[in-house]
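See below for the structure under consideration.
The values are calculated or read from the model by the stated rules, or taken from the named source; none is laboratory data. The structure presented is a predicted model; accordingly, all values stated were derived computationally and were not measured. Using ideal geometry, Cβ is built from the backbone for each residue, glycine included, and neighbour counts are taken over all protein chains shown. The area values use the complete protein model at the heavy-atom level, side chains included, leaving out ligands, DNA and RNA. Shrake-Rupley method; radii C 1.70, N 1.55, O 1.52, S 1.80 Å.
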Amino acid sequence: MKAFASYLRFVAEGAQLSAFRDALRKENIPCMRQVIMGGRFHGMIHPHYRKLFFRLAEACDIRITLTEEKGWRVRLRPLRLRYGLLAGLLPAAAFLWWSNSTIRSIEIYGNQTISDTHLLRVMEELGICRGAAYADLDLSLAEQQLRLAVSDLEWITLRHTGGRLVVELEEETKPPQRYADRIPTNYVATVTAQITEMQVYNGKALVSVGDAVKAGDVLISGVTEDVRGISYLKHADGIITGIYEETLHLYHPFCKETTVTGAVSNATYLECFGKRFSLSPGFTAPKKDFIYTETATPLKLFGRELPFYKIDCRYSRQETTIAVYSPQEIAAMQEEEALRFEQNFHSKDQILGKEYIQTVDDLGISLKIHYIFKGVIGKTSEIFVKMQ
């Protein structure tokens, strides 16, 4: 018989030791390592029989001395009347259950082109966010809704481990694109112009230097025929330079209603399992006409992130005002806009001429700039063939 994991080692003294031992056997109380020495009865019993053991000892007028106590029952026995400990354990157990039944954090794995921000925003619209209870969520249905709401998803899986919601996904593998120089194309004009230079790399040229062309005209054809009259599709390519005109219209009023940033208000919140508690007493958020931004900082303990976040909120009030501009200010703004137009749309073109036509009325100044450019006037356009 193996020794007890928990036991009480005792020494019994009295005149009726034989009767006491018979009583133990009669009540089926296992007693190990029995030794009778010097009129004393030594032994070891399980703590489960403590009360019955002492009742039998009292009935037989036996004095019991416990020499050693061991086991979890022995350790918990002094705590049985400590109701404060029990009162603390119950809320702690309830808090632990509640923290594991709600979403504390969301971890996303497997995304490369789809951003975490986009996924979290879509999940929030479906009710999946920090603080949401798992009992209120149908994760299987949410997986189907996410596949419909987020493009380029091959599959997505939602699973939770305690308060962690793990999102695993795989994006669609797009088929490899065809080589650009193998796609059948025509080379067409993008603007109305006069051709000044031609470099044909592939295809059949349909125009010559000096010809005038309109936007949309085919300059180099990707459809060729052999001596037998059989048509072939090629990737028409080349560089055709020409001279063309373009007009830029600008208008600025003397008075204009603009939006400016007014007073800025800041507030701090403590987010606990999706619930926010204000750390800025007396703060009232603006009702309308404001730009809202927030920054979430996880709280840490010994280098580990806790399910608590410090939320710094910023409310920037937007106000409207009437701005008045002088003719000199309008001229500077129009010159800046014209410069951006030239840099953004014609950085590779040569400006051959520029003519300004300014008109001033009671409300503002209108500026028309007539440009003469020299540059590339064509681009490749894919040929779509109807399959028979």
For the subset of region 344-388 comprising residues that are farther than 25 Å from residue 214 by Cβ and touching a Phe, Trp or Tyr at 6+ places or on another chain (Cβ under 7 Å), which member is surrounded by the fewest Cβ atoms within 10 Å (Cβ to Cβ)? 363
It is to be established whether one or more residues within region 179-187 are without any contact (Cβ under 8 Å) to a residue 24 or more places away in the chain and more than 20 Å from residue 271 (Cβ to Cβ). yes
Only one residue in 219, 233 is open to solvent by less than 40 Å² (accessible area, probe 1.4 Å) and farther than 30 Å from residue 306 by Cα, so which one is that? 219
Looking at the structure I just gave you, is residue 320 open to solvent by less than 50 Å² (accessible area, probe 1.4 Å) and over 25 Å from the mean Cα position of the chain (by Cα)? no
Give 4, 54, 10 a once-over and let me know the one that is modelled with pLDDT of 85 or more and open to solvent by 30 Å² or more (accessible area, probe 1.4 Å). 54
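Can you go through 225, 245 and tell me which one is closer than 30 Å to residue 351 by Cα and acidic (Asp, Glu)?
Numbers: 225 fails: closer than 30 Å to residue 351 by Cα.
Of the residues listed, the single one that is closer than 30 Å to residue 351 by Cα and acidic (Asp, Glu) is 245.
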Matching strands (runs of 3 or more DSSP E) fully within region 295-383 where at least 3 residues are of a type in the set (Lys, Arg) and in contact (Cβ under 8 Å) with a residue 40 or more places away in the chain: 304-324
Given (1) free of Cβ contacts under 8 Å to residues at least 60 places away in the same chain; (2) under 28 Å from residue 310 (Cβ atoms), residue 106 misses just (1)
Looking only at region 192-209, decide whether some residue is over 48 Å from the mean Cα position of the chain (by Cα), open to solvent by 70 Å² or more (accessible area, probe 1.4 Å) and hydrophobic (A, V, I, L, M, F, W, C). yes
Count - residues of region 266-312 that are touching a strand residue (DSSP E or B) at 6+ places or on another chain (Cβ under 8 Å), open to solvent by less than 100 Å² (accessible area, probe 1.4 Å), under 16 Å from residue 104 (Cβ atoms) and not basic (Lys, Arg): 14
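Please tell me if residue 25 is modelled with pLDDT under 85, open to solvent by 60 Å² or more (accessible area, probe 1.4 Å) and either basic (Lys, Arg) or touching a Cys at 6+ places or on another chain (Cβ under 9 Å) (or both).
Considered against the rule, which asks whether it is modelled with pLDDT under 85, open to solvent by 60 Å² or more (accessible area, probe 1.4 Å) and either basic (Lys, Arg) or touching a Cys at 6+ places or on another chain (Cβ under 9 Å) (or both), residue 25 comes out as no.
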Give the residues of region 236-251 that are out of contact with any Leu (no Cβ under 8 Å at 6 or more places or on another chain) and open to solvent by 40 Å² or more (accessible area, probe 1.4 Å), sorted by residue number. 237, 239, 245, 246, 247
Heads up, the helices (runs of 4 or more DSSP H) in region 61-156 (entirely inside) with at least 1 residues that are modelled with pLDDT of 80 or more and either over 36 Å from the mean Cα position of the chain (by Cα) or of a type in the set (Gly, Ala, Ser) (or both) are 139-149
With the condition being not hydrophobic (A, V, I, L, M, F, W, C), I'd like the strands (runs of 3 or more DSSP E) fully within region 182-289 carrying at least 3 qualifying residues. 185-189, 193-202, 237-253, 255-272, 275-278
